[in-house]
Amino acid sequence: MNASNIPPPQAALSVRDLTTTFLTAKGRVTAVDRVSFDVLPGEVLGLVGESGSGKSVTLRSIMRLVHAPGTIAGQVMWRGRNLVTLVDRDMRQIRGGEIGMIFQEPMTALNPVLSIGVQIDENLKTHTSLDRAKRLRRAIELMELVGIPEARRRLDDYPHQFSGGMRQRAMIAISLASNPKLLLADEPTTALDVTIQDQILQLILELKSELGMSVVFVTHDLGVVASICDRMAVMYAGRIVEAGPVNAVFAEPHHAYTRGLLGSVPHAGAERTMLLSIEGTPPSLAAIPSGCAFNPRCTFATDICREAIPAVSSIGSAHLVACHHHDRVAVAGGLRV
Ligand code: ADP
Ligand code: MG
């Protein structure tokens, strides 16, 4: 989300009007609808929203992992080039190279018939000019970096021989092999127990500082947003409805959807608290309500909300919201249930 269409000069990634459609039995649906946001160098941007709001499709669209008859439109500016229109050969170089991705479910992203060592090596071969001996050394280093014990020996293991936590670490090692400048992390810790989650979050933060990487982090966990994200963007029905510095959004949500999601968070919000569920359910993509897609679930809604998609307003310098009644929502304060 951005009030202007001009990316800040310092942005590492600038997404503008990203729109992704799929062809379904009910016709063409829009899963990501004119999404705009920037990721600054070295920052962690949290992307939150209920299941089905378009977070994974947004990340997959940035990586161009949406195939026909699905369509991707808009701009994804990365190092002066628009990834949406880049030729496949160049995109393959960037995907898994300058931009790494950790998928929601490691088992679907890892190749079950190749050892972890071979999978790290493939990435090193594609994205670095290291010779064989140096690649082996680097693979061991990466395994150690992500905290996999007995790294040398475990290189020969296959994904099914790893526990859930170790598999997630292995996937991080593979995605980091190319020294990415941007990491797209799709709920990378959701399936893991709390101790391992904390270790992996710590690891991502350390790597971010060491490698000067930017991160887009999709999560359901507001504690994670509060503790590791600099800014956050809230998605609903394929659109970003609110975005801004985590402190500002937590302290004074301006969209009723954000207010609802944050409702269960005690003030500092540092503990592990899942997004609150809001009464009603998100719309099906085949029947997105007119106007503001949230209007049927919104206690602030009036006629205009059913008629017109709200424009993006700026609150202060970096906080943006798309709500016709954001002043009223802000005055209502955070829900504390
Ligand atoms: P989430 O925010 O939970 O990550 P997703 O981005 O996975 O949500 O999905 C957004 C919407 O797009 C969902 O309604 C999902 O069913 C739909 N969707 C995702 N991939 C496809 C596809 N290949 N074909 C049709 N619909 C899809
Ligand atoms: Mg998802």
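The values are calculated or read from the model by the stated rules, or taken from the named source; none is laboratory data. Because the structure is a prediction, the values reported are computed rather than measured. Cβ sites come from the backbone with ideal geometry, for glycine too, and all protein chains shown count toward neighbours. With ligands, DNA and RNA removed, areas are computed over all heavy atoms of the protein, side chains included. Shrake-Rupley method; radii C 1.70, N 1.55, O 1.52, S 1.80 Å.
Annotation: peptides 79-91, 309-321, ranked by per-residue average of other Cβ atoms within 10 Å with the highest first, follow the order 309-321, 79-91. Split the accessible area of the chain by element, probe 1.4 Å, and carbon with sulfur accounts for 54%.
What's the Kirkwood radius of the chain in Å, using all Cα pairs? List each step's numbers first, then the result.
Numbers: mean 1/r = 0.0483 Å⁻¹.
Answer for the chain: a Kirkwood hydrodynamic radius of 20.7 Å.
Can you tell me the relative contact order of the range 99-177? Whole percent, Cα pairs under 8 Å, sequence separation 6 or more. Walk me through the numbers on the way to the answer.
Working: 82 pairs, mean separation 37.6, N = 79.
Result for the range 99-177 is 48 percent.
How do the peptides 295-301, 165-171 rank, highest first, by the average count of neighbouring beta carbon atoms within 10 Å per residue?
Details: 295-301: 17.3, 165-171: 23.6.
Highest to lowest by the protection proxy: 165-171, 295-301.
Could you tell me how far the Cα centroid of the range 142-162 sits from the Cα centroid of the range 210-233, in Å? For the range 210-233 versus the range 142-162, the Cα centre distance is 26 Å.
Based solely on its DSSP helices, what 222 nm [θ] is calculated for the chain when runs of n ≥ 4 H residues each add -39,500 (n - 2.57) and the sum is averaged over all residues, nearest 500 deg cm²/dmol?
On the way: 13 runs with 112 residues, N = 337.
Using -39500 (n - 2.57) per qualifying helix, the result is -9000 deg cm²/dmol.
Model label sites at D156 and A308, defined 7 Å from Cα along the beta-carbon direction, differ in position by 6.9 nm. At a probe radius of 1.4 angstrom, the accessible area of the range 99-177 per residue rounds to 48 square angstrom. Checking the a/c ratio against 1.5 first, then a/b against b/c, what shape does the Cα gyration tensor give for the range 73-223? Oblate, since a/c reaches 1.5 and b/c is not below a/b.
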